[in-house]
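S.K.: There's a structure below that I have some questions on.
The values are calculated or read from the model by the stated rules, or taken from the named source; none is laboratory data. None of these values were measured; they are calculated from a predicted model. Don't worry about glycine lacking a Cβ; one is built from the backbone with ideal geometry, like all the others, and counts go over all protein chains shown. Accessible surface is based on the protein model in full, side chains and every heavy atom, while ligands, DNA and RNA are left aside. Shrake-Rupley method; radii C 1.70, N 1.55, O 1.52, S 1.80 Å.
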Amino acid sequence: MPGVIKADIAGATGYAGQELVDLLLRHPNVRINALYSTTDQPRKFSEMFPRFARRTGLLCQKLDAKKITHGESSVVFLALPHTCSMDLVPALLRAGKRVVDLGADYRLKSVPAYEKAYGVPHKDRDNLRQAVYGLPELYRQKIRKAQIVANPGCYPTACVLGLAPLVSLQEFDSVIVDAKSGVSGAGKKAVQDMLFTEVDEDFRAYKVNSHQHMPEIEQELSKLAGRRTQITFVPHLLPVKRGILETIYVGAPVRPSKVLELYRKFYTHEPFIRIREDGSFPSIKDVEGTNFCDIGVKADGSSVIVISAIDNLLKGASGQAVQNMNIMFGFPETMGLM
Ligand SMILES: NC(=O)c1ccc[n+]([C@@H]2O[C@H](COP(=O)([O-])OP(=O)(O)OC[C@H]3O[C@@H](n4cnc5c(N)ncnc54)[C@H](OP(=O)(O)O)[C@@H]3O)[C@@H](O)[C@H]2O)c1
């Protein structure tokens, strides 16, 4: 196992970035080297976020690609809004850095699909080709050697993990995903729809069958199924801070007595997947603050219902990013995450 490595975090002041700081400060084999955001003046991170007082004396500074490329870190985490990463990644990779990108720029292999979903041209097709989709349960071997890992989106993590055993081993037809997320899924930017007064004690659907995560989910399910797979996807905004719960309905002729075995076998030895063996179903509270994906399943012979729950900021973002880093650098996969 290699010794201690140094890490930089770009976007450290965001919701995902703060979780990364928290996780990496506890990680026995990582020292955080530098923190970046849009701040004009360097500021003590613990003054910006007093919960980090006595845990780190690091400054947060304005994002500067040159500083990162000339710096000592072996790994750079990018927790930036989409489109920012593809401006940085070419220089980082040329400098020999290994990158875990939490944004969307390197997740979709199809450039037209990216441009349609995110409404901007893709500027780094060369590195897009070599980027590895960072879902360890499916791509662990490739992640080990990757120079750049595209950390999956939060909805896709819960959905693809919830469906992987079924779509790769069974015939199926329709897939309907009823997804719910806490408000932190949208990041910290000020948006009227996300105000406490708008969200509290309400529950609503948004981006019905048009969410930007749909092509990512379809890309991964198509690979697993070996054929083009489309889904119906309805996300909802829950009046909670964090957590995702997806109820997924699949038309598939699976015998009720066989469905648990299918999931159990597929995920044998997976440290962060917990299958409900007793026929119960997970809730958001069961996974909050953890890197687990909890899955419950039920079949009736013609359809299967899967309920999949994650913490969007951990298994859906920063926890999974640390899991990927552990794999890339040969650390035990659960290090700093249990
Ligand atoms: N939130 C989630 O649940 C979640 C889950 C999976 C993936 N992700 C992805 O992770 C990334 C970060 O998400 P988030 O929710 O943490 O977002 P966020 O709360 O909005 O934070 C964004 C971070 O990026 C920085 N930033 C914004 N524009 C920048 C620029 N032009 N140059 C340099 N830094 C810039 C911000 O700095 P300032 O503080 O100075 O503005 C902040 O540190 C996004 O790509 C998101 O899609 C998020």
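S.K.: At 1.4 Å probe size, put Asp286, Asp278 in order of accessible surface, largest to smallest.
M.R.: Descending accessible area places them as Asp278, Asp286.
S.K.: Taking the alpha-carbon distance from Lys258 and a cut-off under 22 Å, which lysines remain once sequence neighbours fewer than 8 residues away in the same chain are dropped?
M.R.: Lys298
S.K.: Right, something else. How tilted is helix 214-225 with respect to the longest principal axis of the chain? Cα atoms for both, answer in degrees (0 to 90, nearest 10).
M.R.: 60 degrees
S.K.: Suppose R0 equals 45 Å; then what is the FRET efficiency for Ser283 and His70 from their Cβ-Cβ distance, rounded to the nearest 0.05?
M.R.: 0.45
S.K.: List, in the order given, every pair from Lys6/Lys116; Lys223/Lys265; Lys188/Lys285; Lys116/Lys142 whose Cα-Cα distance in the structure shown is over 25 Å.
M.R.: Lys6/Lys116; Lys116/Lys142
S.K.: Would you calculate the separation in nanometres between label points at Ser210 and Gln230, each defined as 7 Å from the Cα along the Cα-to-beta-carbon direction?
M.R.: 1.6 nm
S.K.: Using just the helices of the chain, give the 222 nm mean residue ellipticity in deg cm²/dmol: DSSP H runs with n ≥ 4 each add -39,500 (n - 2.57), and the total is spread over all residues, rounded to 500.
M.R.: Helix-only estimate at 222 nm: -9000 deg cm²/dmol.
S.K.: Measure nothing but the geometry: give the 0 to 90° angle between the long axis through the Cα atoms of 319-328 and the longest principal axis through the Cα atoms of the chain, rounded to 10°.
M.R.: Once rounded, one gets 80 degrees.
S.K.: Same structure again: If R₀ is 41 angstrom, what is the calculated FRET efficiency for the pair His269 and Arg31, using the beta carbon separation as r and rounding to 0.05?
M.R.: That pair, His269 with Arg31, gives E of 0.85.
S.K.: Could I ask something else about it? What ranking of His70, His122, His82, His269 comes out by heavy-atom accessible area, probe 1.4 Å, highest first?
M.R.: Order by accessible area, largest first: His269, His70, His82, His122.
S.K.: Expressed as a whole percentage, what fraction of the accessible surface of the range 281-338 belongs to carbon and sulfur atoms when a 1.4 Å probe is rolled over the protein heavy atoms?
M.R.: Carbon and sulfur: 56 percent of the exposed surface of the range 281-338.
S.K.: Where in the range 1-106 are there GluC sites (Glu not before Pro) that are in a DSSP coil and have at most 15 other Cβ atoms within 10 angstrom of their Cβ?
M.R.: Answer in residue order: Glu72.
S.K.: Still on this structure, I have one more. Could you give the length gained on full extension between Arg125 and Asp173, defined as 0.36 nm per residue of separation minus the Cα-Cα distance, in nm?
M.R.: So the extension gain works out to 14.0 nm.
S.K.: Quick one: putting +1 on the C-beta of Lys and Arg, -1 on the C-beta of Asp and Glu, what dipole do you get for the range 109-164 around its Cα centre, in Debye to the nearest 20?
M.R.: I would put it at about 200 debye.
S.K.: Also: Output the relative contact order of the chain, whole-number percent, from Cα pairs under 8 angstrom with separation of 6+ residues.
M.R.: Relative contact order comes out at 18 percent.
S.K.: In addition: Between helix 136-145 and the chain, what is the angle of the helix's C-alpha long axis to the longest principal axis, kept within 0 to 90° and rounded to the nearest 10?
M.R.: So the inclination is approximately 40 degrees.
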